[in-house]
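For reference, the structure is listed below as structure tokens.
The values are calculated or read from the model by the stated rules, or taken from the named source; none is laboratory data. Small disclaimer: the values here were computed from a predicted structure and weren't measured. Here the Cβ positions follow ideal geometry from the backbone for every residue, glycine too, while neighbour counts run over all protein chains shown.
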Amino acid sequence: MNFEELNLNRQLLNAIEEAGYTEPTEIQWKAIPQILAGHDIIGVAQTGTGKTAAYALPILMKIKYAQGQNPRAVIFGPTRELVMQIETAMKQFAKYTDLRIVALYGGIGTKVQKEQLEKGVDIIVATPGRFLDLYLDEVFVLKEVKTLILDEADKMMDMGFMPQLRKLLEVIPRKRQNLLFSATMSERVERLTEEFLEYPMKIEVTPQATPATLISQKLFKVPNFKTKIHLLEYLIRKDESVTRAIIFVRTKKSADDIYKFINRKTTNTCRIIHANKDQNSRINAMDDFKDGSIKILVATDVASRGIDVREVSHVINFDVPIIYDDYIHRIGRTGRANHTGVAITFATEAEMYHIEKIEKIIRMQIPEEEIPSEVELTETPFEESQEYARELDFYKKKEDPTYKGAFHEKKRDIKPDQKTSSYKPNKYAKTKAFKDKMNPKKSKPTKPKPPKKPKL
């Protein structure tokens, strides 16, 4: 099948050809006719399958030309990176039309966005938060909206956007076409579809939550953080197949540490994106990664949404994601556009708990490989091993409240040659907190603290 068989107009066909696309992907040839026919759609498709074009092309086909002052289609994405990606794709496909497409997202002031809207808009691409803010400021009205799209609905649920979406659904005209796209069909997404769509057609192009066949997955069991660093350095330096890689981490601190490490060991080959980086910094990092100026991008999960780069050779999960659907999203950054890719995961003993859960979701066992002999295996520090034990207990107790737990604080053995230091009281020593700490009989027993939630 080619794009002409989908009954698209000449303006769109010219733009598609110019963009270098020759034939539609499975999600495109299945979804586009149904969307053009006016059906509500649930599209279950992984990142990299062409889902943006699957809804962008029929929307552009239906709207056709600029008209009036207010939007006729609204597209919601969970992050500004994804919104920017959708905006770029929409404008690329709308190149030979006069349609006005405006992106709304946080991280920058509202002045420029308001000015764009006041000039008139046909299609809005937005994060729910910024969209709601500008709507409440009465910058635009929604009475002419005929099509509503939710992209990466699973991530929207993970990020807690449901209250905002409910508010928006109350003010957008009920008589509209609804399109929902998601990488997975979780229970929360199922509930969303029941509330959001009317008699939808479900289009699933791959078995749910199954990684693309072009992606080779590998698992390395590692004892600790430092060994992860040594293994990462080995892969970057020694593995010549690593030509363009994205390294995923759970926290901003880990991202910063890895970024500094790589740039210290190599010559300016790495950039970083996470929530604390300003918008220009994140855009510049993405541009450098896309054009090949750098070969490594370090990212947290939220900041990475919307990364659309062809020919990513490797995805490295430095940390195992604790939101299991994120594993699918992460590895889906490679193996795109009929290119093969490699997804490598580092897992400590505590993280193997999550690996087992992920393997159930993807319905396969991730092949385990031995750590190369050249990689230094370091001894796990006492504090780090205790943290792993605490973390494992936390998740096991969360799953099974009757679980008693294996974690217990171990006392350090004092070596014969170690002498206790002389004690000198300070200001803190006079406080109640300090006295309670030093007198355990008076202090209440404490439960093991849950691991800190990563700030993405």
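Some values worked out for this structure:
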item	result
Inter-residue pairs, beta-carbon under 6 Å, first under 15 Å from residue 345 (Cα atoms) and in segment 242-263, second buried (at least 17 other Cβ atoms within 10 Å of the Cβ) and aromatic (Phe, Trp, Tyr), 6+ apart	247/318; 249/318
Residue pairs meeting the criteria (Cβ under 6 Å; at least 6 apart or on separate chains; first in contact (Cβ under 8 Å) with a residue 60 or more places away in the chain, in segment 215-241; second among the aromatic types (Phe, Trp, Tyr) and part of a strand (DSSP E or B))	220/346; 222/346; 228/346
From the options 187, 233, 194, residue that is of a type in the set (D, E, K, R) and over 29 Å from residue 391 (Cα atoms)	194
Hey, residue 133 in a helix (DSSP H, G or I) and not basic (Lys, Arg) or not	yes
Yes/no for residue 309 being modelled with pLDDT of 85 or more, surrounded by 16 or more Cβ atoms within 10 Å (Cβ to Cβ), outside the structural domain of residue 76 (by TED's automatic domain parsing) and of a type in the set (A, V, I, L, M, F, W, C)	no
Residue list for segment 364-388, filter: farther than 30 Å from residue 342 by Cα and not charged (D, E, K, R)	381, 382, 386
Number of the condition not met by residue 177 [criteria: (1) of a type outside the set (D, E, K, R); (2) over 27 Å from residue 255 (Cβ atoms); (3) without any contact (Cβ under 8 Å) to a residue 40 or more places away in the chain]	(3)
Residue match in segment 20-36 (condition: part of a loop (DSSP other than H, G, I, E, B), under 23 Å from the mean Cα position of the chain (by Cα) and of a type outside the set (Gly, Ala, Ser))	yes
Some residue of segment 390-399 being in contact with a Leu (Cβ under 7 Å, 6 or more places away or on another chain) and outside any loop (DSSP other than H, G, I, E, B)	no
Lone qualifier among 74, 83 - being in a strand (DSSP E or B) and either closer than 25 Å to residue 165 by Cα or modelled with pLDDT under 95 (or both)	74
Pick from segment 29-71, criterion in contact with a Phe, Trp or Tyr (Cβ under 6 Å, 6 or more places away or on another chain) and over 13 Å from residue 89 (Cβ atoms), ranking: surrounded by the most Cβ atoms within 10 Å (Cβ to Cβ)	43
Hits in segment 90-101 - residues which are touching a residue at least 24 places away in the same chain (Cβ under 8 Å), surrounded by fewer than 20 Cβ atoms within 10 Å (Cβ to Cβ) and not in a loop (DSSP other than H, G, I, E, B)	92
Residue in segment 332-354 that is in the same structural domain as residue 252 (by TED's automatic domain parsing), hydroxyl-bearing (Ser, Thr, Tyr), assigned to a loop (DSSP other than H, G, I, E, B) and within 18 Å of the chain's Cα centre (by Cα) present	yes
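For (1) assigned to a loop (DSSP other than H, G, I, E, B); (2) within 24 Å of the chain's Cα centre (by Cα); (3) at pLDDT 90 or above; (4) not assigned by TED's automatic domain parsing to the domain that holds residue 332, each residue gets a yes or a no:
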| position | (1), (2), (3), (4) |
| --- | --- |
| 219 | no, yes, yes, no |
| 226 | no, no, yes, no |
| 229 | no, yes, yes, no |
| 235 | no, yes, yes, no |
| 241 | yes, no, no, no |
| 248 | no, yes, yes, no |
| 256 | no, yes, yes, no |
| 259 | no, yes, yes, no |
